[in-house]
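To start, the structure itself, in structure tokens.
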Amino acid sequence: MATQALYRKWRSQTFDEVIGQNHVTQTLLNALKRDRVAHAYLFSGTRGTGKTSTARLLAKAVNCLAENVADRPCNKCTICTAVNEGRLLDLIEIDAASNTGVDDIRELRDKVGFRPSEARLKIYIIDEVHMLSKSAFNALLKTLEEPPEHVIFVLATTEPERIPATITSRCQRFDFKRIKLEDIVSRLAFIVEEEGLQSESAALEYIARQGNGSMRDSISLLDQLTAYASEIITLDLVRRVLGAVASQAVINLVEALLKRDVAGGLNIINQLVADGGDPRQFTHDIVEYLRSLMLVKLGGGGQHLNLPDETLQAMQSQADMVDSRIIVQATRLFNEALVEIKTGLLDIPQLPLELAFVNAAASPAPVATPAPAEATPTGPPAPAVARQPARPAAAPTPAPTPAPAPTKAQSAPAAASTASGAGVVTLEAVQGCFNQVITMIEPRSKPMAESLRHFTRLHKIIGNEIQIFVINDPAGSLQKRFQDSQPQAAINEAFSQALGQSVIVKFLAEPGEVSAAAQQAEHKNLNELLKTAQDLGGQVTE
């Protein structure tokens, strides 16, 4: 005979045992004491946070036979015992995922009018209610709005945004939060002690992390490990059973990434896979580590991270090595790899992980902001440099004597190309990083990178705006593609990262091509005008 799963065995039996949802349980207890229980509730939140368990507790509490309201549910009377054993006929649990049709809800609506057979109130718990069809919601609406006095509805969902507003507005809504790590660890320790087992605190913490805020998932993982372990649940055992990887391997890979040691990082990945490690779990751990590293770098330390001291020290040392944009870029790449590993059918499961590592390690480092140029002995102070005539771009001589003033046509680009004050984009810097930008864009969109390489020409710089001509594009179709929101954002991001400061790229049609396009449009409009005149009986004369 199969044994009862731990998450069912240790399901909350009183409101005090519901972990991490005090804002919900306290409100329900107050409603019970004041006899102000609503006719319909909506419990929303991620899986394993106690929605259905709280609904069952409410069903026990409103029907409990204990005289003192504060003692409900008592778990001793016939009603509480029947609910705990799953045999109370007046507690109806419906799985909306498998009863989505309007006929199922019509059947429910027909039975709502019957009085409870044993309890004082009849409780309907509709789980995953967002799965109901539109017709089913419409059929439920009137009954939910004005149910009989002996009926209470509890709707549970993980996707409240999919429920019609007409349904939500007729319910009291409670949002169940993800459960804190320390609360999950405390509950797991309690279960381990009650089950007569032994465990390391680090092992329970690792299990809780894998549960990702879900108490049910965490207890299910513990159940899996209790079946495997004979004496004590250790951290090494948890990692081995769950297919997890040692944290040191994650630290070493991130170290290789920050040092741009591509060969070393690829060796770490393939050695781990050869030893039986799970690439998906490894990628998940890397994303989690990089996120923590980003918080250490940008969040002023790891005070919000529940991590061992030695791990925090390693993160702080790595965070001091690099610019924050490299960490953000790496986090994005590995997160995309994780999604690809989860959804893809891959012959080489570690391939997305390898590509993410290579792209992150090979991405160009942000260019440091150039230092202000030294003023000549007779020159004006630094803030006034931008107002003085600039030297032509073709005259790089360092002589202190000022070069002849540029012509009017040269003044704007030349000033941008020679100014070297902090925060000023120079023409030379843009020209120097153009190939880097193409290399950065190529993994996202090879056609876009090829178009930048062969069909664009740098025009000039105005402030932080880079103006680029699109050539050999008389119809303007390529220019429009560059100006679409996604390509434009990707190009802006690539140039900003390569230059080390925020810039905007503006794509322009070449003047000659603008004239040709305008002539074509003018001829087309003239032909249409002449045809319309002829249709109206007019004659064309020379």
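The values are calculated or read from the model by the stated rules, or taken from the named source; none is laboratory data. Note that the structure is predicted; figures quoted are calculated from it, not measured. Positions of Cβ are backbone-derived with ideal geometry, glycine not excepted, and every protein chain shown enters the neighbour counts.
Filtered by the rule that a residue be touching an Asp or Glu at 6+ places or on another chain (Cβ under 8 Å), surrounded by fewer than 21 Cβ atoms within 10 Å (Cβ to Cβ) and of a type in the set (A, V, I, L, M), the range 465-498 gives a lone residue, 471.
Of all the listed residues (186, 214), the sole one being over 22 Å from the mean Cα position of the chain (by Cα) and among the polar types (S, T, N, Q) is 186.
Summed over the range 199-230, residues that are of a type in the set (Ser, Thr, Tyr), out of contact with any Ser or Thr (no Cβ under 8 Å at 6 or more places or on another chain) and in contact (Cβ under 8 Å) with a residue 40 or more places away in the chain total 3.
This table checks each residue for (1) modelled with pLDDT under 85; (2) under 30 Å from residue 355 (Cα atoms); (3) buried (at least 20 other Cβ atoms within 10 Å of the Cβ); (4) assigned by TED's automatic domain parsing to the domain that holds residue 337.
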| site | (1), (2), (3), (4) |
| --- | --- |
| 406 | yes, no, no, no |
| 435 | no, yes, no, no |
| 443 | yes, yes, no, no |
| 450 | yes, yes, no, no |
| 454 | yes, yes, no, no |
| 458 | no, no, no, no |
| 463 | yes, no, no, no |
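Taken across the range 3-10, residues that are out of contact with any Ser or Thr (no Cβ under 7 Å at 6 or more places or on another chain), under 20 Å from residue 119 (Cα atoms) and among the aliphatic types (A, V, I, L, M) do not occur at all.
Conditions tested, residue by residue: (1) touching a residue at least 40 places away in the same chain (Cβ under 8 Å); (2) loosely packed, with under 14 Cβ neighbours inside 10 Å; (3) basic (Lys, Arg).
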position: 42; (1), (2), (3): yes, no, no
position: 46; (1), (2), (3): yes, no, no
position: 56; (1), (2), (3): yes, no, yes
position: 60; (1), (2), (3): no, no, yes
position: 81; (1), (2), (3): no, no, no
position: 102; (1), (2), (3): no, no, no
position: 106; (1), (2), (3): no, no, yes
position: 111; (1), (2), (3): no, yes, yes
position: 115; (1), (2), (3): no, yes, yes
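Kindly evaluate residue 509 against the criterion of being modelled with pLDDT of 80 or more and either touching a Gly at 6+ places or on another chain (Cβ under 9 Å) or loosely packed, with under 10 Cβ neighbours inside 10 Å (or both). When the stated conditions are applied, residue 509 passes them. Does residue 247 qualify as being within 24 Å of the chain's Cα centre (by Cα) and either at pLDDT 90 or above or surrounded by fewer than 20 Cβ atoms within 10 Å (Cβ to Cβ) (or both)? Spelling it out, residue 247 is indeed within 24 Å of the chain's Cα centre (by Cα) and either at pLDDT 90 or above or surrounded by fewer than 20 Cβ atoms within 10 Å (Cβ to Cβ) (or both). When residues in the range 143-169 are screened for being surrounded by 20 or more Cβ atoms within 10 Å (Cβ to Cβ) and more than 29 Å from the chain's Cα centre (by Cα), 6 of them pass. Which of (1) buried (at least 17 other Cβ atoms within 10 Å of the Cβ); (2) without any contact (Cβ under 8 Å) to a residue 40 or more places away in the chain; (3) not charged (D, E, K, R) is the odd one out, the single condition residue 138 does not satisfy? Checking residue 138 against (1) buried (at least 17 other Cβ atoms within 10 Å of the Cβ); (2) without any contact (Cβ under 8 Å) to a residue 40 or more places away in the chain; (3) not charged (D, E, K, R), the one that fails is (1).
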